[in-house]
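What follows is a short report on a single structure.
Rule-based calculations on the coordinates, nothing more; no lab input. Values in this document were obtained by computation on a predicted structure and should not be read as measured data. Virtual Cβ from ideal backbone geometry, glycine too; neighbours counted across all protein chains shown.
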Amino acid sequence: MTRSRFYLLISILLTLFFSNNLLAASHELEMLNKLGNEKMLFSKKIIKIDLNDDVSWKAVDKGHNVEFIAMPDGALKYKSKISKDAFYKFLKAGIYLYQCTPHKAMGMIGIVIVGNDTSNLEVVKKAKVYGKSKKILKSLLADL
C-alpha cells in the first residue's frame with residue numbers, strides 16, 4: 001500500500017468514527033411553574049431526537065429537577081439537582097420517561113424518544129407514576 005492510500009484510508013476511518021458526534025444535535029427544554037393554563041410542567045411533553053443528541057433542561061423556575069424513571073436497558077439512570085440546569089447525552093435508543101421529583105404527583109413528566117425506537121414501550125407503560133402523572137402518561141403514550 002502506498003503512503004497516499006494509507007493516509008486516505010486513515011482519513012476515511014477517522015471521518016466515519018467522528019461523524020456521529022459531529023452530526024449530533026442539542027435540544028433545549030424548560031422546567032416551568034406555568035405555561036398557558038398548565039402548571040408545573042416541562043416546556044415540551046414529548047421530544048424525538050437522534051442517537052447521540054443531547055438535551056438540556058433549563059431551570060427557568062426554581063424547585064424543579066429531572067429524574068429518569070423508565071429507560072432502555074443499559075441506559076444510565078439520571079437525577080439532576082433541584083433548581084439547577086440539567087444535561088444528558090442520549091447514547092441508547094429507546095423511550096426515556098422522566099419526572100420532576102418534587103412535582104411528580106402534579107403531572108410534571110416528559111418523554112424523550114431516541115432514534116425513533118419504541119421497543120421498551122411496555123417498560124414505560126409499567127413505570128410507577130403518581131397522581132395526575134398517571135392520566136398524563138396515558139395520554140402521552142396514546143400519542144405515540
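Of the residues in the stretch 90-119, how many are charged (D, E, K, R) and part of a loop (DSSP other than H, G, I, E, B)? Please lay out each step first, then the result.
Let us first name the residues in the stretch 90-119 that are charged (D, E, K, R), namely 92, 104, 117.
Checking the rest, the ones that are also part of a loop (DSSP other than H, G, I, E, B) come to 92, 117.
So the answer is 2.
Residue 122 versus (1) part of a loop (DSSP other than H, G, I, E, B); (2) surrounded by fewer than 19 Cβ atoms within 10 Å (Cβ to Cβ): which is the lone unmet condition?
Going through (1) part of a loop (DSSP other than H, G, I, E, B); (2) surrounded by fewer than 19 Cβ atoms within 10 Å (Cβ to Cβ) one by one, residue 122 breaks only (1).
Residue 56: surrounded by 15 or more Cβ atoms within 10 Å (Cβ to Cβ) and of a type outside the set (A, V, I, L, M), yes or no?
Working: surrounded by 15 or more Cβ atoms within 10 Å (Cβ to Cβ): no; of a type outside the set (A, V, I, L, M): yes.
The answer is no for residue 56.
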